[in-house]
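Novice: After the structure tokens below, expect a handful of questions from me.
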Amino acid sequence: MSFLGKKVWITGASSGIGAGLARELAAQGAHLLLSARREDELHKVQAECLERHGPIDILIHCAGVSQRALARDTISEVDRAIMEINYFGTVELTRAVLPSMLARKQGQLVVVSSVAGKIGTPLRSSYSASKHALLGYFDCLRAEVYQDGISVTIVCPGYIDTEIGSKAYTGDGGRYGKLEGVLHHGMPVQECARVILRAVARREPEVVVSRAKERTAVYLRRFFPKLLFRLVRTHIPS
Ligand SMILES: NC(=O)c1ccc[n+]([C@@H]2O[C@H](COP(=O)([O-])OP(=O)(O)OC[C@H]3O[C@@H](n4cnc5c(N)ncnc54)[C@H](OP(=O)(O)O)[C@@H]3O)[C@@H](O)[C@H]2O)c1
């Protein structure tokens, strides 16, 4: 599938993976609708891309927020805020856009979950829960809308070089505020965007976008869970 002339709505387009997808899609001739909260940052991305309105061919849910706190130190408001942004926000926007896709018998929903949607690691309990929830919801929806010509692609990135860590919630609702080496040494954003768009073009049901280490972890979680749990306890940096 070519993206030329496709109308694509990207949430979380003001920075990181969403901004990378916008740049890549603009270069491939897509018509873009970009959303996020930071208008000034969106305008910078928009200046490099093209914005048009109309029926949406592809909706890419990229908005999200992370967490850097032990479960025992995380207040309930933070648990709920993460679920609202990452899970319910995605579900509500899908509910709003799906009727027009159903009416046209075409469309593609792309959902950026995470390797954390398959594996739980320290300091990310609610983040990981929200990303697991996306996998569950959109696996169900994929089966429900298949006959209607709509496809669902779930994206599970590993470590990608963005600032998501510094903006992550701490347990008391503050922001973590530190750049993290593990992300900085992760996959560059534009490489990540290209891998995602290849999977979207092929209408893949799911893609893990990461270096080999995180892909191995996903494999271990599935086939050797006890080994993975031991590795997570002893080897994953917190
Ligand atoms: N980087 C990684 O290693 C990694 C790994 C796995 C999954 N992911 C996922 O990839 C997606 C993009 O993350 P990123 O790494 O590119 O981080 P990022 O640069 O922090 O991007 C997050 C985006 O989400 C938007 N956003 C945050 N809170 C929002 C809210 N309450 N309402 C609407 N928009 C909101 C932000 O825009 P505003 O602040 O302007 O609203 C920003 O555009 C997220 O879903 C994240 O969970 C990232």
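Novice: Provide a single number: the residues in region 129-152 that are closer than 25 Å to residue 171 by Cβ, small (Gly, Ala, Ser) and open to solvent by 10 Å² or more (accessible area, probe 1.4 Å).
Specialist: Residues in region 129-152 being closer than 25 Å to residue 171 by Cβ, small (Gly, Ala, Ser) and open to solvent by 10 Å² or more (accessible area, probe 1.4 Å): 2 in total.
Novice: Among the aliphatic types (A, V, I, L, M), open to solvent by 30 Å² or more (accessible area, probe 1.4 Å) and in contact (Cβ under 8 Å) with a residue 40 or more places away in the chain: does that describe residue 168?
Specialist: no
Novice: Assuming residue 120 fulfils every condition listed in (1) surrounded by 22 or more Cβ atoms within 10 Å (Cβ to Cβ); (2) under 21 Å from residue 206 (Cα atoms); (3) in contact (Cβ under 8 Å) with a residue 40 or more places away in the chain apart from one, which condition is it?
Specialist: The one condition residue 120 does not meet is (1).
Novice: What about residue 155, is it in contact with a helix residue (DSSP H, G or I) (Cβ under 6 Å, 6 or more places away or on another chain) and either surrounded by 19 or more Cβ atoms within 10 Å (Cβ to Cβ) or assigned to a helix (DSSP H, G or I) (or both)?
Specialist: yes
Novice: Counting residues that are open to solvent by 10 Å² or more (accessible area, probe 1.4 Å) and closer than 30 Å to residue 143 by Cβ, which helices (runs of 4 or more DSSP H) fully inside region 1-109 reach at least 2?
Specialist: Ranges flagged: 16-27, 76-82, 89-104.
Novice: From the residues in region 197-217 that are in contact (Cβ under 8 Å) with a residue 24 or more places away in the chain and among the charged types (D, E, K, R), which one is least open to solvent (accessible area, probe 1.4 Å)?
Specialist: Going through the qualifying residues, I end up with 214.
Here is a yes/no grid of residues against (1) among the aromatic types (Phe, Trp, Tyr); (2) within 20 Å of residue 209 (Cβ to Cβ); (3) within 11 Å of the ligand (Cβ to nearest atom):
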{"position": "116", "(1), (2), (3)": "no, yes, yes"}
{"position": "121", "(1), (2), (3)": "no, yes, no"}
{"position": "142", "(1), (2), (3)": "no, yes, no"}
{"position": "149", "(1), (2), (3)": "no, no, no"}
{"position": "156", "(1), (2), (3)": "no, yes, yes"}
{"position": "161", "(1), (2), (3)": "no, yes, yes"}
{"position": "171", "(1), (2), (3)": "no, no, no"}
{"position": "187", "(1), (2), (3)": "no, yes, yes"}
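Novice: Just checking, how many residues over region 184-238 are in a helix (DSSP H, G or I) and of a type in the set (S, T, N, Q)?
Specialist: 3
The values are calculated or read from the model by the stated rules, or taken from the named source; none is laboratory data. Because the structure is predicted, anything quoted here is derived from the model rather than measured. Note: ideal-geometry Cβ built from the backbone for every residue, glycine included; neighbour counts use all protein chains shown. To get the accessible areas, we keep the full protein, side chains included, count just its heavy atoms, and leave off ligands, DNA and RNA. Shrake-Rupley method; radii C 1.70, N 1.55, O 1.52, S 1.80 Å.
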